[in-house]
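The values are calculated or read from the model by the stated rules, or taken from the named source; none is laboratory data. All values derive from a computational prediction rather than experimental measurement. Note: ideal-geometry Cβ built from the backbone for every residue, glycine included; neighbour counts use all protein chains shown.
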Amino acid sequence: MGLNINSEPLKADDAKLIAFKAKQMRKAKLSRKLIVDGRRWSKPITKPIGNDQLPGSNDDLDIEPTISGKPWVSTDITSQLNIESWAEDDVRFAIRQHKDSGLTTWLAKASDRVSCTMCADGHPIMCLRYKCQCNEPDCTLECRYIYCDLRHIVHKDTAGTHPQIAPKPARRGIPANIKVAICELAIGEGKKPSRVLKDLAEMMPGADLPSLRQCQNFIHRLKQKGGCSGPGHPF
């Protein structure tokens, strides 16, 4: 096959495009998947770690995205764990014990491998992920436990915030006039608590009526005392 002398010379823009595509193909080959313990894992994007950086510092944390968009805050909890051996199953068990020992209730999210943020080579390590179980729509609190099997170190990384939930106001006691009405309906007419509340709503529209549980407890105490006591029902 002869050379086509009529072909136009390669334009500068086309040459840049070809060079860009070749560079992308080389990057794709370099980011091939890792095989660890017979399983295939994708290597996450991490910050480059130089030999002059101190392993284990917050500067070494990877830039893996979080729910809140804020960076991970790392804490070395190795000394806080009750680890029988450095086998992965024993480390998992110790991590779950540590997770359940705090005030926050955590829900298991995932278990995978990430690049080690404690070593310069970024070898794949175990990662257990959890999120806060409060079910609040504004909660972005999450954590992950990472275990370096080369240095035998466990870090707990946290990110996000837990919303401040205002405590519900304590329900006050039952007013005296409503107690009298409950006594007459429940003891005098023998009505059940649910029916008593329905009649009270009709008798006193707009009044701050007790809850069904309060009504049930009050009627139960009345029956234990033998009903309403004396004229005017002094409770």
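Could you count how many residues in segment 98-110 are surrounded by 13 or more Cβ atoms within 10 Å (Cβ to Cβ) and not in a loop (DSSP other than H, G, I, E, B)?
Just the residues of segment 98-110 that are surrounded by 13 or more Cβ atoms within 10 Å (Cβ to Cβ), to begin with: 98-99, 104, 106, 109.
Cutting the leftovers down to not in a loop (DSSP other than H, G, I, E, B) gives us 98-99, 106, 109.
The number of residues fulfilling the criteria is 4.
Does segment 53-72 contain any residue that is small (Gly, Ala, Ser), surrounded by fewer than 19 Cβ atoms within 10 Å (Cβ to Cβ) and at pLDDT 90 or above? For segment 53-72, residues small (Gly, Ala, Ser), surrounded by fewer than 19 Cβ atoms within 10 Å (Cβ to Cβ) and at pLDDT 90 or above: absent.
Listed by first and then second residue, the pairs linking a residue in segment 112-135 that is farther than 17 Å from Val154 by Cβ to a residue that is outside any loop (DSSP other than H, G, I, E, B), with Cβ atoms under 6 Å apart and 6 or more places separating them unless they lie on different chains, are Gly122/Ser115; Lys131/Leu107; Lys131/Lys109; Lys131/Glu142; Gln133/Leu107.
So, of the residues in segment 185-221 that are small (Gly, Ala, Ser) and farther than 20 Å from Arg172 by Cα, which turns out to be surrounded by the fewest Cβ atoms within 10 Å (Cβ to Cβ)? Quick ask: steps written out before the conclusion?
Our first condition is that a residue be small (Gly, Ala, Ser); within segment 185-221, this holds for 186, 188, 190, 194, 201, 206-207, 211.
Okay, now just the ones that are also farther than 20 Å from Arg172 by Cα, so 186, 188, 190.
Numbers: Ala186: 24, Gly188: 10, Gly190: 8.
Among residues in segment 185-221 that are small (Gly, Ala, Ser) and farther than 20 Å from Arg172 by Cα, the one surrounded by the fewest Cβ atoms within 10 Å (Cβ to Cβ) is Gly190.
When we screen Lys191, Lys179, Lys156 for residues that are farther than 30 Å from His220 by Cβ and not polar (S, T, N, Q), the only hit is Lys156. Considering only residues of segment 83-131 that are among the aromatic types (Phe, Trp, Tyr) and touching a helix residue (DSSP H, G or I) at 6+ places or on another chain (Cβ under 9 Å), which is nearest to Tyr145 (Cα to Cα)? So the residue we want is Tyr130.
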